[in-house]
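Take a look at the structure below.
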Amino acid sequence: MFRRWLPWSGTVTVMVITAVLVALDLSDRTVHHYWTQHSFTSSVLSGVLVLALTVLLVDRVNQHRQLRNQSRAIGAQAAIIVAQAGRAVDAITSASPSQDDRDAAGEELRTYTQMLLVSAPVLIGADVPRRFLESAQRLAARLYRAIRDAGDQPVAKTSLDAEVKQLRADAAPLLQALNLQQRAAVTAGE
């Protein structure tokens, strides 16, 4: 819960400082006298506090609005990544010892990692998409290890099921921004 309020900490700090200064001005005669004698200083300080509070509030509101506006793009990226992850897992686990099948599996994995690289700037901006990106990156690393360690043996799909399940779970909140038609469009090749 603390992480949710962390971006607002600057705004809250400026608000607390402002409230303390106002309370001191109203309740303490020496502070009130000081501000009365130093009107330019008090004007500058109050102007800086109001400006800081305004800038911090506008910044937080803009970030929230930007994330809300990007939610469909983030959801679409997540759906595409999950679909490609499924194709990569299927290609790797169903690959026979033939070089052509191993090359096709490697190509699916390269496509998956390229999608991660392209999507990273969009996904890294907030906690939930970043968690999904981290999960997708862990799956990519696991898939690379599976290909490397497999040799001439097929890779067991059960060994990758936990990572795929986690990826789908991390994608679920991102996919909520998409309606049924949009989900069907981005997962059509799945």
Note to self: Computing the accessible area with a 1.4 Å probe over protein heavy atoms, can you report the carbon and sulfur percentage for region 27-69?
What the structure shows: 63
Next item on the list: Using only Cα atoms, tell me the angle between helix 127-150 and the longest principal axis of the chain; keep it within 0 to 90° and round to the nearest 10.
Entry: 30
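Just to confirm, what accessible area per residue do you get for the chain at 1.4 Å probe, in whole Å²? Provide the component values of the computation, followed by the final result.
Values: 12150 Å² over 190 residues.
With the other protein chains kept in place, the chain gives 64 Å² per residue.
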Check: Hey, any idea what % of region 88-147's accessible area is carbon plus sulfur with a 1.4 Å probe?
Finding: 54
Notebook entry, point to check: Tilt of helix 158-175 relative to the longest C-alpha principal axis of the chain, in degrees (0 to 90, nearest 10)?
Noted result: 40
Notebook entry, point to check: Angle between the Cα long axis of helix 9-27 and the longest principal axis of the chain, 0 to 90 degrees, nearest 10?
Noted result: 10
Note to self: Tell me the relative contact order for the chain as a rounded percent, counting alpha carbon contacts under 8 Å between residues six or more apart.
What the structure shows: 26
Next item on the list: Relative to the compact-globule scaling 2.2 N^0.38 Å, provide the ratio for the alpha-carbon radius of gyration of the chain.
Entry: 1.62
Item checked: Inter-probe distance in nm under a simple model that places probes 7 Å from Cα toward Cβ, at residue 40 and residue 69 -> 4.2
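The values are calculated or read from the model by the stated rules, or taken from the named source; none is laboratory data. As the structure is a computational prediction, the values presented were derived from the model and not from experiment. Note that each Cβ is placed from the backbone with ideal geometry, even for glycine, and that neighbours are counted across all protein chains shown. Side chains are part of the model used for accessible areas, which takes the heavy atoms of the whole protein and leaves out ligands, DNA and RNA. Shrake-Rupley method; radii C 1.70, N 1.55, O 1.52, S 1.80 Å.
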